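One structure is given here, and the rest of the page talks about it.
The values are calculated or read from the model by the stated rules, or taken from the named source; none is laboratory data. Small disclaimer: the values here were computed from a predicted structure and weren't measured. Cβ atoms come from the backbone with ideal geometry, glycine included; neighbour counts cover every protein chain shown.
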Amino acid sequence: MLQKILHRILVRRHFWRNASFSEIAELYASRVLRMLAMHIAASFMSIYLYQQGYSVWMIAAYWCVFFLFKTIISVPMAMLAAWFGPKHGILISNLLFIPSMIAFALAPDYGQWLLALVILFQGASSALYSISYAIDFSKVKSADHAGKEIAYMNIVEKVTTGLSPLIGGIIAYIFGPQVVLIIAAFLFTLAALPLLRTAEQVQPFQKLAFRGFPWHLIRPNIIAQMALGVDVFTSGTVWSLFTAVFIIGIAADNQVYAINGALLSVVMFSALASSYAYGRLIDRNRGRELLKYAAIANALTHFFRPVVGSPLAVAGLNVANEAATTGYSMSYTRGTFDNADLSGRRTTYVGVTEAIANAGAALAAGGLVVLTMFMSEQKALENFFYIAAFAVLLIATAKFPLYRK
């Protein structure tokens with residue numbers, strides 16, 4: 001049913017020249033279910049660990065290992081996507097996420113060793129999915145209207161990711177966080193089903209080729225790509241933990257999940273208002289300016305995080321951050337897709353850039369580990385936001401040939 005609704009919406013538009021509307025609807029249907037499953041659980045994983053007695057140092061170390069593992073496994077996962085095709089890569093990644101959710105739910109009862117399984121399965125799933133989805137979407141986009149297409153992709157994503165923390169938070173408050181993890185595992189199973197209906201859009205049984213690869217398309221953006229990983233870790237994991245612990249307050253009950261979910265869900269309205277406008281700017285060759293100014297605005301939101309003191313202020317800052325993040329990420333994604341086309345080796349390009357972004361996130365998590373060794377948890381998180389504010393400014397240094405035209 002979800003796929004039919006998306007088909008009716010998309011068939012009225014003239015984009016995606018290289019794929020049938022049923023294939024696009026299928027891709028979106030799977031994406032919606034995947035994002036719903038992931039964000040109803042991922043939005044409070046760090047909060048759940050803190051509630052179980054883990055310190056900020058331990059949580060930061062956990063995410064550092066997680067992102068390091070993703071860095072190492074990104075290229076092998078790109079090889080897997082090249083061999084089986086991105087659609088089958090998405091299918092495999094959805095199935096891999098299921099045991100990670102089950103292991104995370106059982107960790108409090110059966111021991112910390114299960115967190116190693118979470119890193120193994122969730123890391124492999126996340127890396128494989130990011131690579132496969134980027135390959136599939138960049139392949140089926142229209143060059144003339146890519147900004148508009150990215151805008152529609154972003155709107156669908158943000159509606160899902162905006163509602164899912166609220167849904168997950170309410171369920172966790174009523175039934176407990178472990179129930180949410182089991183529901184997420186079930187949704188990942190459903191997300192795999194739409195992918196079984198049509199054939200691969202990209203030819204399978206390919207191998208990555210590094211000899212003769214155009215590294216000049218990657219070298220100028222290594223620092224910006226790492227800063228992208230820093231921003232993802234900061235806006236997601238660190239901010240949710242800081243909000244839950246030092247603004248909302250971790251209590252004996254699960255009310256924190258519902259409040260945190262509500263605060264995260266307000267970003268949906270900001271994303272809906274900005275996505276289409278940003279897409280039009282990109283298609284009017286204003287992507288470079290959008291990338292620059294949105295990255296600066298994003299850095300400013302990080303700079304103000306330590307001084308936020310109430311849930312209402314958190315909601316306002318979340319809206320501002322989402323507007324800025326949407327702006328730079330859409331223009332950055334457009335440049336990345338163009339580079340993937342120019343490289344002639346789409347899968348190799350996507351796999352390498354995924355590894356670089358995860359290295360940036362791992363470096364950020366490692367930095368937080370170091371800060372917690374020399375100061376209190378609250379001070380460590382506050383100073384981390386100041387450092388991150390300067391680090392994410394480097395996103396504006398990205399150089400894409402598309403934006404030099």
Kindly indicate whether any position in region 341-354 is under 20 Å from the mean Cα position of the chain (by Cα), touching a residue at least 24 places away in the same chain (Cβ under 8 Å) and under 30 Å from Tyr50 (Cβ atoms).
yes
Are there any pairs, at least 6 apart or on different chains, whose C-beta atoms fall under 7 Å, with the first in region 206-225 and closer than 26 Å to Ile395 by Cα and the second assigned to a loop (DSSP other than H, G, I, E, B), and if so, which?
Phe213/Arg345; Pro220/Lys399; Asn221/Ala398; Asn221/Lys399; Ala224/Ala398
Note down all Cβ pairs under 7 Å where the first residue falls in region 292-315 and is within 15 Å of Ile387 (Cβ to Cβ) and modelled with pLDDT of 90 or more, the second is among the β-branched types (Val, Ile, Thr) and crowded, with 21+ Cβ neighbours inside 10 Å, and they're at least six residues apart or on different chains.
Asn298/Thr325; Asn298/Val392; Ala299/Val392; His302/Thr234; His302/Val392
Just to check your reading of the model, which residue among Ala365, Ala357, Ala380, Ala361 is more than 17 Å from Ile73 (Cβ to Cβ), touching a residue at least 60 places away in the same chain (Cβ under 8 Å) and of a type in the set (Gly, Ala, Ser)?
Ala380
Is it the case that region 342-352 has a residue that's surrounded by fewer than 17 Cβ atoms within 10 Å (Cβ to Cβ) and under 26 Å from Ala127 (Cα atoms)?
yes
Expected single match for basic (Lys, Arg) and within 22 Å of the chain's Cα centre (by Cα) among Arg286, Arg305, Arg404 is Arg305
Where a residue in region 226-246 is farther than 18 Å from Leu371 by Cα and at pLDDT below 90 and its partner, wherever it lies, is charged (D, E, K, R) and in a helix (DSSP H, G or I), with Cβ under 9 Å and at least six apart
none
Residue match in region 157-172 (condition: in contact with a Leu (Cβ under 9 Å, 6 or more places away or on another chain), small (Gly, Ala, Ser) and either surrounded by fewer than 22 Cβ atoms within 10 Å (Cβ to Cβ) or at pLDDT below 75 (or both)):
yes
Ile73 at pLDDT 90 or above and of a type in the set (A, V, I, L, M)
yes
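Can you pull out the residues in region 51-68 that are surrounded by fewer than 20 Cβ atoms within 10 Å (Cβ to Cβ) and assigned to a helix (DSSP H, G or I)? Break it down into steps so the answer makes sense when it comes.
Kept after step one, since they are surrounded by fewer than 20 Cβ atoms within 10 Å (Cβ to Cβ), are these residues of region 51-68: 51-55, 57-58, 61, 65, 68.
Result: Gln51, Trp57, Met58, Ala61, Val65, Leu68.
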